[in-house]
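Asker: Mind having a look at this structure? Questions to follow.
What follows is calculated from the coordinates using simple rules that are stated; it is not laboratory data. Only a predicted model underlies this, so the values are computations on that prediction, with no experimental measurement involved. Counting neighbours? That spans all protein chains shown, and the Cβs are built from the backbone with ideal geometry, glycine included.
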Amino acid sequence: MQETGEGFLTLPATDAGDPTLNWSTIFGNDQPVEIELGIGKGRFLLDAAERLPGVNFVGVEWAAKYLRIAQHRAVRRELDNMRFVRTDAREFVEFFLSTGSIGAYHIYFPDPWPKKRHHKRRLFNEGFLREVERTLQEEGRLWLATDYADYFDVMLEVLETSRCLAVVDGEWVGAKTNYEDKYIAQGKPIYRRIVQKIPQ
């Protein structure tokens, strides 16, 4: 079921021709597009959209309750450079994003699925990374953060399989997610990595 209303994307059927999204049509401009996968209530993305009006932002979230909260806040702030979609993050990247169309991905505190029998549900694996590589523009970035050391080790192992992403330094600016505030208050370490697509 898709959420409807101002700012929500309606995804085309995957069996009806080319389902990839046309950002120029969706936003009415050719500004770069950045995507956050798993936005929660949208604190980071709302702040980013306010700070960077020359960038278009897309928030992907499965929890309808949180997605509606974020959408209501964006409408109230009159943020025309934001869109929202309720869908599976992995399928969204694989089926609906065209090659070289994304300026940056933000993945902050994805569900670690800590039990071994649930590890296959984790978002970040080699198949997912190949789709990120495909859809990123040259010099596009993937921003990662987690409080879960085991999952971070997995992320690093997966990143080592890449032939087109290089680790870079970057300044972490903007609003922290609700999870980050919570974990910092608990004294938990935060593990971060930024990688950038190198010209081929």
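Asker: Considering only the chain, what is the antiparallel percent among its DSSP beta bridges, to the nearest 5?
Answerer: Values: 9 of 28 bridges.
Bridges in the chain that DSSP calls antiparallel: roughly 30 percent.
Asker: Tell me which lysines have Cα within less than 30 Å of LYS182's Cα, excluding those fewer than 8 residues away on the same chain?
Answerer: LYS41, LYS65, LYS115, LYS116, LYS120
Asker: Between rounded, prolate and oblate, where does the stretch 1-96 land on the alpha carbon gyration tensor, with a ≥ b ≥ c its root eigenvalues, rounded for a/c under 1.5, else prolate if a/b exceeds b/c? Write out the running numbers ahead of the final one.
Answerer: Working: a/c = 1.77, a/b = 1.25, b/c = 1.42.
Verdict is oblate for the stretch 1-96.
Asker: Related question: Sort 44-57, 184-197 by the packing proxy (mean of other Cβ within 10 Å over each peptide's residues), most packed first. Write out the running numbers ahead of the final one.
Answerer: Values: 44-57: 18.7, 184-197: 14.4.
Ranked by mean Cβ neighbours within 10 Å, highest first: 44-57, 184-197.
Asker: Label point 7 Å out from VAL55 along Cα-to-Cβ: which residues of the stretch 126-161 have amide N under 13 Å?
Answerer: Those under the cut-off are 140-144.
Asker: For the residues SER101, SER24, what sequence is obtained by ranking on other C-beta atoms within 10 Å, fewest first? Working shown, then result.
Answerer: Working: SER101 19, SER24 11.
With the fewest neighbours first, SER101, SER24 line up as SER24, SER101.
Asker: Taking the Cβ-Cβ separation of ASP47 and ASP150 as r and a Förster radius of 25 Å, what is the calculated FRET efficiency to the nearest 0.05? Please report the intermediate quantities before stating the final value.
Answerer: Numbers: r = 29 Å, r/R0 = 1.16.
Computed FRET efficiency for ASP47 and ASP150: 0.30.
Asker: Based on the alpha-carbon gyration tensor of the chain and its eigenvalue square roots a ≥ b ≥ c, which shape applies: rounded if a/c is under 1.5, prolate if not and a/b is larger than b/c, or oblate?
Answerer: Details: a/c = 1.38, a/b = 1.18, b/c = 1.18.
Rounded, since a/c falls under 1.5.
Asker: What list of ³J(HN,Hα) couplings, whole Hz, do you get for the stretch 122-130 from phi and the Karplus terms 6.51, -1.76, 1.60, once you set θ to phi - 60° and write x for glycine and proline?
Answerer: 4, 5, 8, 8, 5, x, 5, 4, 4
Asker: Still on this structure: Considering only DSSP states other than H, G, I, E and B, which chymotrypsin sites (Phe, Trp or Tyr not before Pro) in the stretch 58-113 qualify as loop sites with at most 15 other Cβ atoms within 10 Å?
Answerer: Numbers: sites: TRP62, TYR66, PHE84, PHE92, PHE95, PHE96, TYR105, TYR108; in loops: TRP62.
Filter output for the stretch 58-113: TRP62.
Asker: Then there is this: Relative contact order of the chain: what whole-number percent is it, with Cα pairs under 8 angstrom and at least 6 residues apart? Write out the running numbers ahead of the final one.
Answerer: Details: 334 pairs, mean separation 42.0, N = 200.
Relative contact order here is 21 percent.
Asker: Continuing with the same structure: Placing +1 on the Cβ of each Lys and Arg and -1 on the Cβ of each Asp and Glu in the chain, which of LEU52, ALA166, GLY127 has its Cα farthest towards the positive end of the resulting dipole?
Answerer: GLY127
Asker: Here is a follow-up. Please list, by residue number, every one of the GluC sites (Glu not before Pro) in the stretch 123-182 that is coil in DSSP and has at most 12 other beta-carbon atoms within 10 Å.
Answerer: Working: sites: GLU126, GLU131, GLU133, GLU138, GLU139, GLU157, GLU160, GLU171, GLU180; in loops: GLU160, GLU171.
Here the sparse-neighbourhood loop sites are GLU160, GLU171.
Asker: Note down the nm distance, to one decimal, between modelled labels 7 Å out along Cα→Cβ at ALA64 and at LYS182.
Answerer: 2.2
Asker: Classify the stretch 141-197 as rounded, prolate or oblate, taking a ≥ b ≥ c as the square roots of the eigenvalues of its Cα gyration tensor: rounded when a/c is under 1.5, otherwise prolate if a/b is larger than b/c and oblate if not.
Answerer: Values: a/c = 3.26, a/b = 1.56, b/c = 2.09.
Oblate, since a/c reaches 1.5 and b/c is not below a/b.
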